[in-house]
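Chemist: Once you've had a glance at the structure underneath, I'll fire off some questions.
Since every read-out is calculated from the coordinates, none of them should be taken as a lab result. Computed from a predicted model, the values in this text were never measured in an experiment. In this analysis, Cβ positions are derived from the backbone assuming ideal geometry, glycine residues included, and neighbour counts consider all displayed protein chains.
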Amino acid sequence: MTPSPSGPPLLSARDVKVHLRVHGRIVKAVDGVDLDVHRGQCVGIVGESGSGKSTLGRAMTRLLPNVELAELSGSVTFGGEDVLAMAPDALRALRRHRGFSMVFQDPLSYLNPTLRIDRQLAEALRHLPDKRPVQQKSEELLSQVGLGDTARILRLYPHELSGGMRQRVMIAMALAPDPQMLVADEPTTALDATVQYQVIQTLRRINKERHLAMLIITHDLGMVAELCDQVYVMHGGRVVESADVFTLFDAPKNDYTASLLAAARRLHQTKALGTA
Amino acid sequence: MSNPILTGRSIVKSFGARGWFGGAANAKRAVDTIDLDVNEGETLAIVGESGSGKSTLARMLLGLSKPTSGDVAFCGQSIRSFASSDWTTFRKAVQPIFQDPASSLNPRMRVHTTLANVLLRHKLATRATLDRAISDLLSAVGLDPAQFHDRYPHQLSGGQQQRIAIARAMAVRPRLIIADEPLSSLDMSVQAQVLDLLVSLKTSRNLGLVLISHDLNVVDAISDRVIVMYLGKIVEAGPTRQVLGNPASDYTRSLLAAKLVADPHIARARRQAMDAARTSTPHSRPDQQGAPQ
């Protein structure tokens, strides 16, 4: 069931350190992390606020602002290429086609409020070799993320969509360049429980159907249990434990992992209520 | 059966298009004819997805907005007939906790001032006893008084801010707290801590609690009774164990099916069952039919 990690990893991070300058002090946000993502695999990074999980995600996708950066070291390779040393145009090429895409927590602040959805999707589709009409490709993408009535949605502005629809539009935009890896940072935190579940199932379906590698950054172990194959637990900028999802939940080795699991079990009863 | 602290009778709240003569033809009923009782010392959960009207209902129960029709009564007295002294009594008995603690605390007030204002306003402390009372409140919500006394909200983490909001609500020794999504802006590990705090406060002080939430896990952990809302109406109500253990309505069942489970074995088993159900009953997806090919 779990895709066997065969061959070299798609994304490979070794001894990644991100030190930030905050009010004149150095904060070691990420302090020596090793991480691998294989093709078709769904990898979770969990940890509480401030554990460095988002910073790590941004460092590996080169989305960190340079201003605050005191040190960025280690190596990150994607498909064998060194991401951290990549020139801007090579990086751009990687993002435009067959590289990696990102999905963030709050879709409303990543969608342009003054443009209709069709314009925003067209932007993501512009540089692709696929020369079919943009309208057709856009509708295809929207139906892939489980949205119906695609022609109408394309004519709407972001504020006219519900939170769940916006997040699916974001996922559709992220899928437009036909990426090999999707990095999702708290993709369902802003959403309602029922919608959250639908978005998680959408992500899972995409992961399976497209054989797309995914990196899920979240504080919610319920989501990890639902979606991920491999899990890295971060605390204070370091990976304190990494294991496949079953081993991690059944037999956590680290005390911090155990305490996270206890908190999650307090909130997500392990029995599935009402489904007996 | 104890006497209800708060009762709502046929509460309706509609928003939007109101005609020239007050006709509400296009108005949308956010809350549509709801009856409910909140009893002393009881935890009542109101669940539903966004747009189900649960927060609008909470605002009316708190007296923060007026029902379009119907009535909210506090200990038998309609809040429509409240004099200003009645409002003071009401505020002392019924306190809110909101979702986002950062925006419910005054950013320019230190923790000390925030709590002192409440205590002095309701004459629960004098200048002489104030420091002691504030220390007690902070200790009760699990914060070290010496450390947090002089902080501003921005110097606190989300969980600490929510604890201050809880301390502020507890300051007047209320009989009832109405909490609108008190955990959903917090981290998972912090959620568990704040949940435990609410549970211990309600048992140690016989506090009534109305908990508005879309998270059935939280509802399950804390509430005695639950009301399930959908599009402004109550679709199901009853003891939590019964409603969540043996739901009568399809809507409640769909909410339960969307609940995340912190166990990969159960999660995989459930989705295999779902996949099996999907392949055995192929249903046409309207979005795929509509797509031009």
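Chemist: In whole angstrom, how long is each semi-axis of the equivalent ellipsoid of the stretch A:119-276, when you take the square root of 5 times every eigenvalue of its Cα gyration tensor and sort them from largest down? All intermediate terms of the calculation are to be shown ahead of the outcome.
Modeler: Numbers: eigenvalues 226, 64, 34 Å².
Semi-axes from the Cα gyration tensor: 34, 18, 13 Å.
Chemist: Run the simple label-point estimate for A:R116 and A:R210 please: 7 Å along Cα→C-beta, distance reported in nm.
Modeler: Label at A:R116, label at A:R210, 2.4 nm between them.
Chemist: Quick one: net charge of B:V199's neighbours, Cβ under 13 Å, K/R +1, D/E -1? Before the final figure, lay out each step's value.
Modeler: Details: positive: A:R266, B:K202, B:R205; negative: B:D196, B:D220, B:D224.
Net charge around B:V199: 0.
Chemist: Which length gain, in nm to one decimal place, applies between A:L108 and A:S259 when the Cα-Cα distance is subtracted from 0.36 nm times their residue separation? Before the final figure, lay out each step's value.
Modeler: Values: separation 151, 0.36 × 151 = 54.36 nm, distance 3.30 nm.
Net length gain for the segment: 51.1 nm.
Chemist: Taking chain B as the reference, fit the longest principal axis to its C-alpha atoms, fit the long axis of helix B:188-205 to the helix C-alpha atoms, and give the angle between the two in degrees, 0 to 90, nearest 10.
Modeler: 60
Chemist: Do you know the relative contact order of the stretch A:82-220, to the nearest whole percent, from alpha carbon pairs under 8 angstrom that are 6+ apart?
Modeler: On the way: 187 pairs, mean separation 45.6, N = 139.
Relative contact order for the stretch A:82-220 comes out at 33 percent.
Chemist: 5 Å is the cut-off here: which amide hydrogens, built 1.01 Å from N in the peptide plane, fall below it relative to A:L156, excluding neighbours closer than 5 in sequence?
Modeler: Counting only residues 5 or more places away or on other chains, the set is A:I117, A:D118.
Chemist: Quick check for me: using +1 on Lys/Arg Cβ and -1 on Asp/Glu Cβ, what's the dipole size of chain A about its Cα centre, in debye to the nearest 20? The partial results should precede the final answer.
Modeler: Details: 32 positive and 30 negative charges, 113 e Å.
Computed charge dipole of chain A: roughly 540 debye.
Chemist: Follow-up. Could you work out the mean count of beta carbons from other protein chains within 10 Å of each residue's beta carbon in B:243-249?
Modeler: Working: counts 2, 3, 4, 3, 2, 0, 0.
So the per-residue partner count for this stretch is 2.
Chemist: Another one. Compute the signed sum of charges (Lys and Arg +1, Asp and Glu -1) over the other residues within less than 9 Å, Cβ to Cβ, of A:H268. Spell out each step's value before the answer.
Modeler: Working: positive: A:R265, A:R266, B:K259; negative: A:D220, B:D263.
Every neighbour counted, the sum reads +1.
Chemist: Additional query: Would you please give the residues with an amide H less than 5 Å from that of B:N39, counting only those at least 5 places away or on a separate chain, with H modeled from the backbone geometry?
Modeler: B:I5
Chemist: Taking the beta-carbon count within 10 Å as an exposure proxy, list A:D255, B:D263 from fewest neighbours to most.
Modeler: Numbers: A:D255 11, B:D263 26.
By the 10 Å Cβ count, ascending, the order reads A:D255, B:D263.
Chemist: Residues with amide H under 5 Å of B:I97's amide H, sequence separation 5 or more or different chain, H placed in the peptide plane at 1.01 Å from N; which?
Modeler: B:I178, B:A179, B:D180
Chemist: Ok, one more. With θ set to phi - 60° and the Karplus curve 6.51 cos²θ - 1.76 cosθ + 1.60, what are the ³J(HN,Hα) couplings of the stretch A:128-145 in order, to the nearest whole Hz, using x for Gly and Pro?
Modeler: Result, ordered by residue: 7, x, 5, 9, 5, x, 4, 4, 5, 5, 5, 5, 4, 4, 5, 6, 5, 8 Hz.
Chemist: Length gain on complete extension for the stretch B:N3 to B:A27, per 0.36 nm per residue less the alpha carbon to alpha carbon distance?
Modeler: Answer, rounded to one decimal: 5.2 nm.
Chemist: To test your reading of the geometry: what angle, between 0 and 90 degrees and rounded to tens, separates the Cα axis of helix B:264-280 from the longest principal axis of chain B?
Modeler: In chain B, helix B:264-280 runs at an angle near 30 degrees to the longest axis.
Chemist: Further question: Show which lysines lie in cross-link reach of A:K208 when reach means a straight Cα distance below 27 angstrom and same-chain residues fewer than eight apart are skipped.
Modeler: A:K53, A:K131, A:K137, A:K271, B:K259
Chemist: Let me ask another. Using the Karplus equation 6.51 cos²θ - 1.76 cosθ + 1.60 (θ = phi - 60°), what ³J(HN,Hα) coupling, rounded to whole Hz, does each residue of the stretch A:66-72 give in order, writing x for Gly and Pro?
Modeler: 5, 4, 8, 7, 9, 8, 9
Chemist: Compare the Cα positions of B:L57, B:S84, B:P107 along the charge dipole of the stretch B:32-130 (+1 at Cβ of Lys, Arg; -1 at Cβ of Asp, Glu; about the Cα centre) and return the one farthest towards the positive end.
Modeler: Positive-most Cα among the choices belongs to B:P107.
Chemist: Now for a separate question. Note down the net charge around B:V218, summing +1 for each Lys or Arg and -1 for each Asp or Glu among other residues with Cβ under 10 Å from its Cβ.
Modeler: Details: positive: A:R266; negative: B:E181, B:D215, B:D220.
So the environment of B:V218 carries a net charge of -2.
Chemist: Counting partner chain Cβ atoms within 10 Å of every residue's Cβ in B:218-227, what's the average? Please report the intermediate quantities before stating the final value.
Modeler: Details: counts 3, 0, 6, 4, 0, 0, 0, 0, 0, 0.
Partner Cβ neighbours, averaged per residue: 1.
Chemist: Could you tell me the distance between the Cα centroids of the stretch A:92-143 and the stretch A:149-196, to the nearest Å?
Modeler: So the two Cα centres are separated by 11 Å.
Chemist: Once every DSSP H run of n ≥ 4 in chain A is given -39500 (n - 2.57) and the sum is divided by its residues, what mean residue ellipticity at 222 nm do you get, rounded to the nearest 500 deg cm²/dmol? Walk me through the intermediate numbers first.
Modeler: Values: 10 runs with 98 residues, N = 276.
When only DSSP H runs of four or more count, the value is -10500 deg cm²/dmol.
Chemist: Which of A:A176, A:P65, A:T188 sits farthest toward the positive end of the charge dipole of the stretch A:60-198, with +1 on the Cβ of Lys and Arg and -1 on the Cβ of Asp and Glu?
Modeler: Final value for the positive-end residue is A:A176.
Chemist: Also, quick follow-up: Given the DSSP H assignment, sum -39500 (n - 2.57) over each helix run of at least 4 residues in chain B and divide by its residue total; what's the result at 222 nm in deg cm²/dmol, nearest 500? Display every interim value, and only then the final one.
Modeler: Working: 13 runs with 122 residues, N = 293.
So the helix-based figure for chain B works out to -12000 deg cm²/dmol.
Chemist: May I ask for the Rg/Rh ratio of the protein assembly as shown, computed from Cα atoms with Rh as the Kirkwood radius, given to two decimals? Don't skip to the end; give the middle numbers.
Modeler: On the way: Rg = 25.4 Å, Rh = 25.8 Å.
Value, to two decimals: 0.98.
Chemist: Sticking with the crude label model, points 7 Å out along Cα→Cβ, report the distance from B:A146 to A:A251 in nm, one decimal please.
Modeler: Each label point lies 7 Å from its Cα, and together they span 4.5 nm.
Chemist: If you don't mind, another one. Quick one: what are the phi-derived ³J(HN,Hα) couplings along the stretch B:68-79, Karplus 6.51/-1.76/1.60 with θ = phi - 60°, whole Hz, x for glycine and proline?
Modeler: Each residue of the stretch B:68-79 in turn: 5, 8, x, 8, 10, 10, 10, 6, x, 9, 5, 6 Hz.
Chemist: Another question, if that's okay. Would you mind working out the magnitude of the charge dipole of chain B relative to its Cα centre, with +1 at each Lys and Arg C-beta and -1 at each Asp and Glu C-beta, to the nearest 20 Debye? Could the numbers behind the result be given before it?
Modeler: On the way: 34 positive and 25 negative charges, 141 e Å.
Charge dipole, chain B, about its Cα centre: 680 debye, nearest 20.
Chemist: Another one. Within 10 Å, at most 14 other Cβ atoms, and a DSSP state outside H, G, I, E, B define an exposed site. Report the longest part of chain B free of exposed chymotrypsin sites (Phe, Trp or Tyr not before Pro). Let's see the in-between values first.
Modeler: On the way: sites that count: B:W20, B:F21.
That gives B:22-293 as the longest site-free run.
Chemist: On to the next question. Partner chain Cβ atoms within 10 Å, averaged over the residues of A:207-220 - can you pull that number for me? Before the final figure, lay out the partial values.
Modeler: Details: counts 0, 1, 0, 0, 0, 0, 0, 0, 0, 0, 0, 1, 6, 5.
Across the residues of A:207-220, the mean count of other-chain Cβ atoms within 10 Å is 1.
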